[in-house]
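Scroll down for the structure; my scribbles are underneath it.
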Amino acid sequence: MPTRAFKKSIVDLAGGGAASPGTRTLFKSPVGSGDEAPSSYHVQAVLRAVSLLAAFDGEEVFLSLAELSRRTGMHKPTVLRLARTLALSRFLVQRQDGAWRLGPTAGWLGARYQAQFDVGSVIEPILQKLSTSTSESASFYMYEGNLRSCLMRCDGPTARPHHPRSGELLPLDLGAPGRVILAALGEPGDLYERIRRRGFHYTRAERAPDAASVAAAVRGAQGVVLGSISTSGPVDRLTSTVLCKLAPFTVDAAKELGIALGAMPATALRGTWHP
């Protein structure tokens, strides 16, 4: 499922219904640059076709021609031509009453994306940047049921010798990484209301007597909770004041990771650490 930012960028590039479909727009390369770079041009009809597929971003299965036109900003005749073209390759399927849904080819393409998606190459650079910014350890936690597990960790220069290892199962209701996940999932209670308002949470010696951490939930497309990012270290160094100073770095990293993971479903991420 496309993110809102992705959908908006595609629709903006497609230009709504301003130009006729199939118009090829070229952005010329600088003089003397040789061959045109692949990013120096785009095919308007392709962008419009992608914007049509991106319109299926809600819970509904079928969309009428009028609704597709409204969501993409394109005229109905343009939408109909594009939809019929996409249907030839089974990217779209039309119902007898004229409504449209995503077809099996779209599902196949999504499955290929998930199979080839390298989670580590996306998560690791963000954790490394967070660790460098804070000089502490950075971790990404996945969850399922009432448990969480460290999927990836980047140790700081003075990391604790005894810290959660990759794959180790921990409770959600102990420690900042788990509590921000519970808050994001809608757990009731004053504590979780405060976490939702602040956007982060920190704990000191809650799960382990020598550990302190600050964490923020990671949300993917449509606000789906994927897990949490935490900055952690020894409790004697990470006072409440220090943890609050590290919170903005952690929140920014969680937002960046949510955008980077995009439409990757939580089930696909869980498959990377389940035995």
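A few points about this structure:
- The amide H of residue 219, built 1.01 Å from its N in the peptide plane, has 226, 258 as neighbours under 5 Å, considering only residues 5 or more places off or on other chains.
- Near the amide H of residue 137, within less than 5 Å, lie the amide hydrogens of 156, 232, all on another chain or at least 5 residues away, with H placed in the peptide plane.
- In sequence order, region 93-109 has phi-based couplings of 10, 9, 7, 4, 7, x, 6, 10, 9, 5, x, x, 5, 4, x, 4, 5 Hz under the Karplus curve 6.51 cos²θ - 1.76 cosθ + 1.60, θ = phi - 60°, and Gly or Pro positions carry x.
- Region 177-263, accessible surface, carbon-and-sulfur percent (1.4 angstrom probe): 55
- Under 5 Å, built H, 5+ apart or other chain: amide partners of residue 211: 205, 235
- Environment charge at residue 198 (Cβ cut-off 13 Å; Lys +1, Arg +1, Asp -1, Glu -1): +2
- Environment charge at residue 128 (Cβ cut-off 15 Å; Lys +1, Arg +1, Asp -1, Glu -1): -3
- Model label points for residue 244 and residue 169, set 7 angstrom from Cα along the Cα-to-Cβ axis, are 3.8 nm apart.
- Taking a straight line from the alpha carbon of residue 129, these aspartates and glutamates sit under 14 Å away, with near neighbours fewer than eight places off in the same chain left out: 155, 252, 256.
The values are calculated or read from the model by the stated rules, or taken from the named source; none is laboratory data. Note that the structure is a prediction, hence the values are computed from the model and not measured. Counting neighbours? That spans all protein chains shown, and the Cβs are built from the backbone with ideal geometry, glycine included. For the accessible areas, the whole protein counts, side chains as well, though only heavy atoms, and no ligand, DNA or RNA atoms are used. Shrake-Rupley method; radii C 1.70, N 1.55, O 1.52, S 1.80 Å.
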